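Notes for the one structure printed next.
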Amino acid sequence: MITVVAGGRKTKGWLLEGVSEYQKRLRKPFDVRWIFTDEVEKETVKLRKNHEFLIILDERGKNLSSPEFSSLVDRKMTEGQQIIIVIGGPYGFTDDFRAQADFVWSFSRLVFPHELMRLYLIEQIYRAQEIYKGSNYHHDG
C-alpha cells in the first residue's frame, strides 16, 4: 500500500470523480491510503518509521518518466519498504522537510494546485501498476 499525505481538504466535485475512478482500479500493492491534513509535514513525521520511503512532490525535484516511477515503486516494495508520497499545501514545504525526503519528485517545473496534483498522482500510480503488470495502458514512443 502507498500512503499519500495531502495538504488541504478532501477533493471536491469533478476532481473527486477522477480520483475515485483511478482509486477503484488500483490493486495491492499499488492501492492508496489517503491522509488529508492541514499539517502535512507534522503528520508525515508522525507516520514515518524506519522502513518508509518518503517521496515529496516539489517542482524543484527530479523529473521521472512513468516507467522510471514504476520501477522505483517496484524496487522499494521489493525491498520491503512502505512508500509515503506527500503533496504539499498551497505554500509547499520547508527546506528542512525537503531535506528529509528520500526522493523529491517533480511532475514539472510548473506549479499546480494541490487538489489537481491528487488526480495527476493517482493516475501515475495507476500507470505504474499497469506498467508493472505489462498491460497495454502505457504506450512508449
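Values in this text are rule-based calculations from the coordinates and carry no lab data. As the structure is a prediction and not an experimental result, all values here were calculated from the model. Virtual Cβ from ideal backbone geometry, glycine too; neighbours counted across all protein chains shown.
In summary, the helical segments of the chain meeting the span-like criteria, namely a full DSSP H run, a Cα extent along the axis of 15 angstrom or more and a mean Kyte-Doolittle hydropathy of at least -0.5, are 114-133. A simple spin-label model places pseudo-atoms 7 Å from Cα toward Cβ; at residue 74 and residue 17 they are separated by 3.4 nm. Note on residue 49 and residue 140: the extension gain reaches 29.2 nm, defined as 0.36 nm multiplied by sequence separation minus the Cα-Cα distance. Straight Cα distances below 28 angstrom link residue 42 to the lysines 10, 12, 28, 62, 76, with same-chain residues fewer than 8 positions distant left out. Beta-bridge orientation, segment 2-133: approximately 5 percent antiparallel, per DSSP, counting only bridges with both partners inside. A value for Cα extents along the principal axes in Å was derived from the coordinates, and within the list [x] 39, 37, 27; [y] 59, 31, 18; [z] 53, 42, 24 it appears as [x].
Candidate cross-link partners of residue 133 among the aspartates and glutamates, defined by an alpha-carbon separation under 20 Å and a same-chain spacing of 8 or more, comprise 21, 31, 68, 74, 79, 123. Think of it as helices only: each DSSP H run of n ≥ 4 in the chain is worth -39500 (n - 2.57), and spread over all residues that comes to -13000 deg cm²/dmol at 222 nm.
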